[in-house]
Amino acid sequence: VLFGGLGNSEYGASDVQLQSDVAQLLVTTTAMYDAEEAVAASEARYRLLAENAADAVFSTTPDARYTWFSPSVTSLLGWQPEQLYGMRPADLCHPDDVDRVRAAVTSVGASGSANLRARLRTASGDHRWVGVSVHSVLDEDGEPVARAGSYRDIEAEVAAEQALAEADTAVASSD
């Protein structure tokens with residue numbers, strides 16, 4: 001027992017209540033400490049994923065203005081995350097892809113998600129092919145409050161497809 005034997009006649013009702021209160025405080029403090037440790041561990045796992053994923057992960061407002069990017073956007077597109085905040089996806093698109101990207105952004109509001117390919121402008125002014133996956137984040141009433149998505153480097157995939165198409169064309173024209 002915390003402060004001695006409860007059966008001891010030296011302790012009155014107020015002492016027993018004090019013991020109970022202290023014990024409850026210890027239990028509550030331990031539970032709070034455990035919860036804080038669990039949150040810290042969860043945040044560390046999230047940070048590990050966000051900072052080391054090859055894909056650039058992002059969030060936007062419901063009207064598609066960037067609010068956050070994982071650090072991997074720098075290796076993918078050359079931009080520092082903060083440089084993109086407030087911009088829209090169409091601001092980064094190759095001119096030939098703008099209409100398709102705008103249509104996809106609109107469809108996310110209606111269907112909840114979109115997957116597409118687009119060429120995005122790098123910080124150096126070049127364009128890089130990326131696979132885009134984006135979905136709406138809804139509140140408890142089902143209303144969109146944000147969008148979350150990712151950009152994946154598909155340069156090698158597109159180059160291989162283009163080389164195959166050129167080879168197919170060469171074979172067809174030689175027949």
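The values are calculated or read from the model by the stated rules, or taken from the named source; none is laboratory data. A quick note: this is a predicted structure, and the numbers were derived from the prediction, not measured. Don't worry about glycine lacking a Cβ; one is built from the backbone with ideal geometry, like all the others, and counts go over all protein chains shown. Areas reflect the complete protein model, heavy atoms only, side chains present, ligands, DNA and RNA absent. Shrake-Rupley method; radii C 1.70, N 1.55, O 1.52, S 1.80 Å.
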Q.
I'd like to verify a number: residues in the stretch 76-90 that are modelled with pLDDT of 95 or more and part of a helix (DSSP H, G or I), how many?
A. 6
Q. Does the stretch 45-63 include one or more residues that are modelled with pLDDT of 75 or more, of a type in the set (Asp, Glu) and assigned to a loop (DSSP other than H, G, I, E, B)?
A. yes
Q: Could you list, in sequence order, all residues of the stretch 128-154 that are over 20 Å from TRP68 (Cβ atoms), modelled with pLDDT of 95 or more and either among the hydroxyl-bearing types (Ser, Thr, Tyr) or open to solvent by 60 Å² or more (accessible area, probe 1.4 Å) (or both)?
A: ARG128
Q.
Cβ-Cβ distance below 7 Å, separation of 6 or more or different chains: which pairs start in the stretch 128-143 with a residue that is in contact (Cβ under 8 Å) with a residue 12 or more places away in the chain and end on one that is in a loop (DSSP other than H, G, I, E, B)?
A. ARG128/THR122; TRP129/ILE154; VAL130/ILE154; GLY131/ILE154; HIS135/GLY112; SER136/GLY112
**Q.** Filter result for GLU36 (farther than 28 Å from SER136 by Cβ, out of contact with any Lys or Arg (no Cβ under 6 Å at 6 or more places or on another chain), modelled with pLDDT of 80 or more and part of a helix (DSSP H, G or I))
**A.** yes
Q. Being at pLDDT below 90, open to solvent by less than 20 Å² (accessible area, probe 1.4 Å) and over 16 Å from the mean Cα position of the chain (by Cα), is that true of even one residue in the stretch 105-127?
A. yes
**Q.** Search result, residues across the stretch 51-107 that are among the charged types (D, E, K, R) and without any contact (Cβ under 8 Å) to a residue 40 or more places away in the chain
**A.** GLU51, ASP63, ARG65, GLU82, ARG88, ASP91, ASP96, ASP97, ASP99, ARG100, ARG102
